[in-house]
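First comes the structure, then the notes that go with it.
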Amino acid sequence: MNQNLTVMLNAAQLGDQTARDAILQVVYYELHRMAKQHIRLERGNHTLQATALVNEAYLRLFEGLPIELQNRNQFFGIAATQMRRILVDHARRRKAQKRYAGEQTDSVEPISDTHSLTPEELLTLDTALTEFKRHYPRAGSIVELRFFCGMTEQETADILEISLSTMKREWGFAKVWLYRRLTREP
């Protein structure tokens with residue numbers, strides 16, 4: 001399947017609409033699982049549904065500027081980043097609406113893997129992760145895949161084409177760095 005997806009990705013990049021449609025059928029389940037993980041991080045009253053997140057991410061992957069998608073691993077890595085961006089954009093809009101309505105925002109709490117994030121917390125995490133990813137790109141990708149997409153350690157290592165021990169070491173480093181960044185005084 002990995003080879004078939006790579007062939008379909010190459011054809012889709014050349015404008016083959018049939019290949020684009022086939023890609024969605026092949027990867028939909030995995031993208032939907034990733035989207036549900038993203039949504040799980042949000043408060044229970046989140047207005048964005050997993051299906052809408054998948055559709056928006058898919059459109060961003062194929063409707064924007066051409067992205068060279070060489071294989072399955074790269075496709076899912078870029079999809080994870082797109083989902084994160086969509087949720088951050090959604091959180092920014094919600095925060096702006098709250099500010100416009102004159103509502104107070106909560107202070108940021110330390111974030112754990114199972115914590116439901118408010119829009120403010122998601123924006124704070126996004127800012128920290130963007131800074132982290134500038135200095136440590138691969139470790140930042142690990143955070144996106146593990147925290148935002150709910151991928152297992154082995155799935156993450158496979159997608160990034162690194163050893164499991166390297167993935168675990170960088171995941172541990174990322175968690176400590178982000179925790180320190182998120183809990184320091186403003």
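The values are calculated or read from the model by the stated rules, or taken from the named source; none is laboratory data. In this text the structure is predicted, and so the values were computed from the model without any measurement. Neighbour counts are summed over all protein chains in view; Cβ atoms, including those assigned to glycine, are modelled from backbone coordinates with ideal geometry.
When each of Leu5, Leu53, Leu9 is tested for being under 18 Å from Gly77 (Cα atoms) and at pLDDT below 80, the lone residue that passes is Leu53.
Residues in the stretch 12-25 that are outside any helix (DSSP H, G or I), at pLDDT 80 or above and either over 19 Å from Glu68 (Cβ atoms) or small (Gly, Ala, Ser) (or both): 0 in all.
Which residues, counting only those in the stretch 26-35, are within 20 Å of Gln70 (Cβ to Cβ) and either of a type in the set (Asp, Glu) or without any contact (Cβ under 8 Å) to a residue 24 or more places away in the chain (or both)? Within the stretch 26-35, Glu30 is the sole residue that qualifies. Across the stretch 102-143, the qualifying residues are those that are of a type in the set (S, T, N, Q) and modelled with pLDDT of 50 or more, and the one among them that is farthest from Glu170 (Cα to Cα) is Thr118.
Scanning the stretch 147-167 for residues that are surrounded by 15 or more Cβ atoms within 10 Å (Cβ to Cβ), out of contact with any Phe, Trp or Tyr (no Cβ under 6 Å at 6 or more places or on another chain) and not acidic (Asp, Glu) gives Phe147, Phe148, Cys149, Gly150, Met151, Thr156, Ala157, Leu160, Ile162, Met167. Within the stretch 136-159, restricting attention to residues that are more than 14 Å from the chain's Cα centre (by Cα) and in contact (Cβ under 8 Å) with a residue 40 or more places away in the chain, the residue that is nearest to Met34 (Cα to Cα) is Asp158. If you go through the stretch 130-161 one residue at a time, how many are hydrophobic (A, V, I, L, M, F, W, C) and in a loop (DSSP other than H, G, I, E, B)? Result for the stretch 130-161: 2. Considering the stretch 162-186, and only residues there that are outside any helix (DSSP H, G or I) and at pLDDT below 90, the residue that is nearest to Ala35 (Cα to Cα) turns out to be Arg184.
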